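Every read-out reported here was derived from the displayed coordinates using simple, explicitly stated rules and does not represent laboratory data. No experiment lies behind these values; they were computed from the predicted model shown. Every residue, glycine as well, gets a Cβ built from its backbone with ideal geometry; the counts of neighbours run over all protein chains shown.
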Amino acid sequence: MNLHISEISPDSPDFHLFRKGPEGLYLPGSQQQINAEKIPADFLTGCFILTDRDKVVARASLYDNPYLRLPGGGHSLTIGNYECVDQEDYAVRLLGFITSVAKSRNYKYLIGPMNGSTWEAYRFPTDNTHLPFFLEPQQPLYYNDHFLKAGFSVIGNYYSSIAVPSNEVSPAVIARSRAFREMGVTFRPIDLNRYTDELRRIHALSGIAFARNFLFTPISEAAFLEKYAGMARLLHPQLTILAEDRDANLIGFYFCIDDLLNKERKTLIFKTLARDPSPQWRGLGSVMGGIIYRKAIAMGYEAFIHALIYDNGTSRKLSDNFGGKQFKTYALYGKEIS
């Protein structure tokens with residue numbers, strides 16, 4: 001081996017070595033090569049490549065999000081855009097080097113993979129017993145071994161569940177639906193003709209609804225609009241529901257998209273759910289889910305995926321209410337810098 005680690009700035013003429021590094025790490029046409037992650041500029045503080053005899057064999061970036069806080073209140077840097085060939089020595093060398101960089105800057109903790117925040121790509125898949133679904137993380141499973149070998153441990157477990165159509169509706173959901181309608185709550189599809197205005201309202205609610213989520217950080221309205229502008233072409237408008245109170249205030253939303261990777265079974269992905277955290281709206285997610293579920297069955301959907309659920313989060317109950325069975329798992333890693 002003839003290993004060398006270089007730090008490359010996004011402004012450097014050599015940045016293509018970092019940006020295009022993954023192209024040489026996988027077989028041509030592989031999902032990893034096709035679905036190469038973007039490199040967010042927000043909070044990016046370092047880009048590193050590991051070469052062996054002048055060939056790029058691994059890369060990773062370092063992000064410093066000032067809003068990111070651990071459950072105990074401490075700050076953490078994050079390692080993102082991780083790519084590496086299947087060789088643990090390379091991983092240990094690169095991740096160890098980045099750890100030393102973080103230590104030299106007096107930071108005490110690292111999280112990965114995370115491209116700066118949970119608004120961007122994060123988590124590794126930990127099993128491949130089922131085919132991937134649309135927008136699911138698709139990194140090689142050996143990345144988990146790389147992080148473990150480099151001294152990281154799991155700090156967050158996630159899963160995706162799948163359910164098949166059923167005509168059964170929980171009596172509790174029926175009762176909550178009736179109560180909400182008596183309170184003047186209305187449910188409607190997202191209006192793609194006013195998509196930007198809809199996104200502004202969704203952004204405002206997201207900051208409130210997700211504030212207590214694990215490792216949540218805020219996102220500006222401008223960044224949110226830019227990030228989700230292209231989502232309009234993916235959303236199923238009749239199956240993306242907004243809930244409003246009697247004064248037309250947005251109190252909940254549920255984003256759904258088709259699983260474009262599944263050519264054999266018509267499958268809907270329940271992607272993002274949020275509601276106003278006020279106690280009076282408890283159960284709103286299940287009611288919105290029930291509305292979507294019944295519409296989707298009538299439209300011929302054969303399966304439903306509840307995607308990327310935090311193992312200790314509130315969405316677990318929602319998935320269980322609709323008969324969801326875990327079929328995919330993912331992990332997020334952390335490391336205390338000593």
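Can you list the HN-Hα couplings for the range 287-294, worked out from phi with the Karplus curve (6.51, -1.76, 1.60; θ = phi - 60°), rounded to whole Hz and with x for Gly and Pro?
Per residue, the Karplus-derived 3J(HN,Hα) values read 5, 4, x, x, 4, 5, 4, 5 Hz.
Could you work out the relative contact order of the range 167-322, using alpha carbon pairs under 8 angstrom and six or more residues apart, expressed as a whole percent?
Working: 204 pairs, mean separation 36.9, N = 156.
Relative contact order of the range 167-322: 24 percent.
Which whole-number percentage describes the relative contact order of the chain, with Cα contacts under 8 Å and a sequence gap of 6 or more?
For the chain, the relative contact order is 20 percent.
Among the trypsin sites (Lys or Arg not before Pro) in the range 255-302, which ones are in a DSSP loop with at most 14 other Cβ atoms within 10 Å of the Cβ? Mind listing them?
Those that pass, being in a loop and sparsely packed, are LYS263, ARG265, LYS266, ARG282.
Given contacts defined as C-alpha pairs under 8 Å and at least six residues apart, what's the relative contact order of the range 100-246, whole-number percent?
In percent, rounded to a whole number, it is 24.
What is the Cα coordinate range of the range 3-157 on the first, second and third principal axes, sorted by size from largest, in whole angstrom?
Principal extents (largest minus smallest coordinate, Cα): 42, 38, 27 Å.
For the range 153-243, what are Rg and Dmax over the alpha carbons, in angstrom?
16.7, 48
Provide, for q = 0.13 Å⁻¹, the log10 of I(q)/I(0) from a solvent-free Debye sum over equal Cα point scatterers in the range 167-322.
Values, matching the q order: -0.60.
Applying a 10 Å radius around every beta-carbon, put 209-218, 188-197 in order of their mean neighbour count, most first.
Details: 209-218: 16.0, 188-197: 12.8.
Final packing ranking: 209-218, 188-197.
For the chain, what does -39500 (n - 2.57) per DSSP helix run (n ≥ 4), summed and divided by total residues, give at 222 nm, in deg cm²/dmol to the nearest 500?
-8000 deg cm²/dmol
Can you pull out the chymotrypsin sites (Phe, Trp or Tyr not before Pro) in the range 44-149 whose DSSP state is coil and whose Cβ has at most 13 other Cβ atoms within 10 Å?
Here the sparse-neighbourhood loop sites are TYR67.
Expressed as a fraction of 2.2 N^0.38 Å, the rule-of-thumb size for a compact globular protein of N residues, what is the C-alpha radius of gyration of the range 71-110? Before the final figure, lay out each step's value.
Details: Rg = 11.9 Å, N = 40, 2.2 N^0.38 = 8.9 Å.
Normalised Rg, Cα atoms only: 1.33.
Quick one: go through the range 148-163 and flag any residue whose amide nitrogen is under 18 Å from the point 7 Å out along the Cα-to-Cβ line of THR129.
Inside the label zone: 157-163.
Have a look at the range 60-146 and give its Rg and Dmax from the Cα atoms, expressed in angstrom.
Rg and Dmax of the range 60-146, Cα atoms, are 13.9, 42 Å.
Can you pull the one-decimal nm distance between simple spin-label points at SER166 and SER100, each 7 Å off the Cα toward Cβ?
5.5
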